[in-house]
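This report concerns only the one structure given below.
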Amino acid sequence: MVAPAFEYVAAGSYDEAVRLLADGGDEAKILAGGQSLMPMLNLRLAHPELIIDINAADDRQPSVAGGMLRLPALTRHRVLLEHDLVRRHCPLLAAAVWHVGNVRVRNRGTVGGSLAHADPTSEIGSCALATGAQVIARGPGGERTVPASELFVSYWTTALAASEIITDVLIPAGRPRQGWSFQEMVRRTSDFAIVAVAALVELDERADTIASAQVALAGVADRVLLAGPELLAGLTGSAPAGGGDDAAVAVAARIAASVDPADDLHASGEYRRRLVRVLTARALREAYARAAGAVA
């Protein structure tokens, strides 16, 4: 299909883009990588009158300061895969991005665009939750910081105001006793995730037991989900060893029981719950092994 007619403007700065977005109201859309917007236009699922291209608004590269990895919103997925700072300070994200789309999508898609799109199967969104990331949003009233845990509202809906644009993503840099794992099930390569699990585990300073953990899920609700602390109870002080009755299995079962995914043409809700149970236990064990130095 062919996209509906629209006016196109290239913004030279975020401030200009915010002004154009505010003036355009509901009839304006931001174009970053375009890997979600352009298919929606071609399928006539979106009918904006104004497209605001922000690709010339920012040319910064990832950086680290004050224990935070800063990703400019226009950072391409390909850069997340290849950049040394990302691979060193947030290897979970670098690994997860391999599952995003295909090489064409990864060459053009952006980290800010992915988060703003709020796909409930988003690999990047689940990693943002697991790592405790924050986004910097710029609007007519200036900038504000939005935790990833408060960003996602529902299907393709965020807590951003209509005239706000994500300019940066801030991720706490990984620590020495921290391990990670990303697990995903798809029907075929480059498909949307049926279920994805992102896990972070941090060990006690003086023992090889878990001090804290985070688990985020994609593909099981109207948005990416972060498992609550009550679901992770029992991991603290444990050392998952891969047995059928270890703490990882019990936690995975609780997390699976807490979700209620819908049936659709890709999978039944019950199948998704089973995947949550299997992939979460696998992710927690692998994250623990990495934290303990048993897995690279």
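Worth a mention:
- Region 91-105, residues that are exposed (fewer than 14 other Cβ atoms within 10 Å of the Cβ) and not in a helix (DSSP H, G or I): Trp98, Asn102
- Residue check: Val18 meets all listed conditions (1) more than 25 Å from the chain's Cα centre (by Cα); (2) over 27 Å from Arg104 (Cβ atoms); (3) not basic (Lys, Arg) but one, namely (1).
- Selection of region 1-45 for residues being in contact with a strand residue (DSSP E or B) (Cβ under 7 Å, 6 or more places away or on another chain) and open to solvent by less than 20 Å² (accessible area, probe 1.4 Å) yields Ala11, Tyr14, Ala17, Val18, Leu21, Ala28, Ala32, Gly33.
- Checking the stated criteria, Gly109 turns out to be surrounded by 18 or more Cβ atoms within 10 Å (Cβ to Cβ) and closer than 30 Å to Leu50 by Cβ.
- The number of residues in region 167-203 that are among the β-branched types (Val, Ile, Thr) and over 14 Å from the mean Cα position of the chain (by Cα) comes to 5.
- Taken across region 231-247, residues that are outside any loop (DSSP other than H, G, I, E, B) and open to solvent by less than 40 Å² (accessible area, probe 1.4 Å) do occur, with at least one present.
- Lone qualifier among Leu284, Leu225 - being within 20 Å of Asp204 (Cβ to Cβ) and in contact with a strand residue (DSSP E or B) (Cβ under 7 Å, 6 or more places away or on another chain): Leu284
- Candidate set: region 65-79, residues that are without any contact (Cβ under 8 Å) to a residue 24 or more places away in the chain and on the phi < 0 side of the Ramachandran plot; chosen: the one surrounded by the most Cβ atoms within 10 Å (Cβ to Cβ): Val79
- Subset tally (residues that are open to solvent by 70 Å² or more (accessible area, probe 1.4 Å) and within 23 Å of the chain's Cα centre (by Cα)) for region 46-64: 3
- The listed residue being modelled with pLDDT under 95 and either out of contact with any helix residue (DSSP H, G or I) (no Cβ under 9 Å at 6 or more places or on another chain) or not aromatic (Phe, Trp, Tyr) (or both), out of Gly219, Gly243: Gly243
The values are calculated or read from the model by the stated rules, or taken from the named source; none is laboratory data. Since we're looking at a predicted model, the values are computed, not measured. Every residue, glycine among them, receives a Cβ derived from its backbone with ideal geometry; neighbour counts consider all protein chains shown. Please note that ligands, DNA and RNA were not included when accessible areas were found on the heavy atoms of the full protein model with its side chains. Shrake-Rupley method; radii C 1.70, N 1.55, O 1.52, S 1.80 Å.
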